[in-house]
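Beneath this line is the structure, given in structure tokens, with notes to follow.
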Amino acid sequence: MKKVVLLALMALALSAKTTYVYVEEGVKLSPLKDGTVLYSGTPLKVIKDGEYRVDGFVGKDKTKLYATKNLKLLLAESKKIKAKGDRGILNIKLNKKHTEADYEEAWFKASDTFYNKCTKCHAAKVVADHTQLEWEGLYASMASFAKPTKEENALITRFLNAFAKDGILKESE
Ligand code: HEC
């Protein structure tokens, strides 16, 4: 019970300041006017309605912004990323219809694909039980069993990287 209340409070605190890129088809939005590409489920800090900021990490290629330092989960591609060291920020204007405040909703297609493809032979594995690096190896061997399409592969990979032990989000019970 306590845990449930705490999670609800956390979700409330999060939803007040953060929303998420919502993509209906595929894993990314078609490029914005300035050429920026946003990936599904990317957390957006709400500046005000229609104005958002993406925080993340950059590698050598400063036009790509990732969720974590190991550069495994791509959030955005843009020439407008402001990089400082390994950190990057990107300010964007985005129609609110491409955002979703409930992250489980924003990540639904990815999680649905994972549960669909990966529970045919065994019960669902707990994503948070493994790190991103562990999942890389596990998924590589399981993908040959599950035979995902290219899009399913992209969705599952993003889901595992986002919800892994060292990812950026937690699945609720
Ligand atoms: C065709 C059947 C099949 C499908 C589909 C399948 N798995 Fe598995 N999976 C297995 C079997 C069999 C094992 C146990 C034996 C083994 O580890 O190889 C296993 C084991 C695992 C393990 C535990 C491995 C370990 O070393 O602890 C994980 C994690 C896993 N699967 C994840 C996935 C994911 C993610 C997917 C979807 C991409 C998936 N599986 C789809 C058959 C499948």
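Here are the numbers:
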| quantity | calculated |
| --- | --- |
| Residues located in region 133-152, provided they are surrounded by fewer than 17 Cβ atoms within 10 Å (Cβ to Cβ) and under 20 Å from T68 (Cα atoms) | L133, E134, E136, G137, L138 |
| Pair list, Cβ < 7 Å and 6+ apart or interchain, from region 88-99 residues that are under 16 Å from L65 (Cβ atoms) to residues that are among the small types (G, A, S) and modelled with pLDDT under 95 | L94/G50 |
| Pairs where the first residue, in region 114-128, is under 16 Å from E151 (Cβ atoms) and outside the structural domain of K147 (by TED's automatic domain parsing) and the second is modelled with pLDDT under 95 and within 8 Å of the ligand (Cβ to nearest atom), C-beta under 6 Å, 6+ apart | none |
| Complete set of residues in region 133-148 that are small (G, A, S) and more than 6 Å from the ligand (Cβ to nearest atom) | G137, A140, S141, S144 |
| Filter result for the condition that a residue is farther than 25 Å from V46 by Cα, among the acidic types (D, E), assigned to a loop (DSSP other than H, G, I, E, B) and away from the ligand (no atom under 12 Å from the Cβ), over D61, D166 | D61 |
| Hits in region 125-135 - residues which are in a helix (DSSP H, G or I) and over 12 Å from F159 (Cα atoms) | D129, L133, E134 |
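The values are calculated or read from the model by the stated rules, or taken from the named source; none is laboratory data. A quick note: this is a predicted structure, and the numbers were derived from the prediction, not measured. For neighbour counting, all protein chains shown are included, and Cβ atoms are generated from backbone atoms with ideal geometry for every residue, glycine included.
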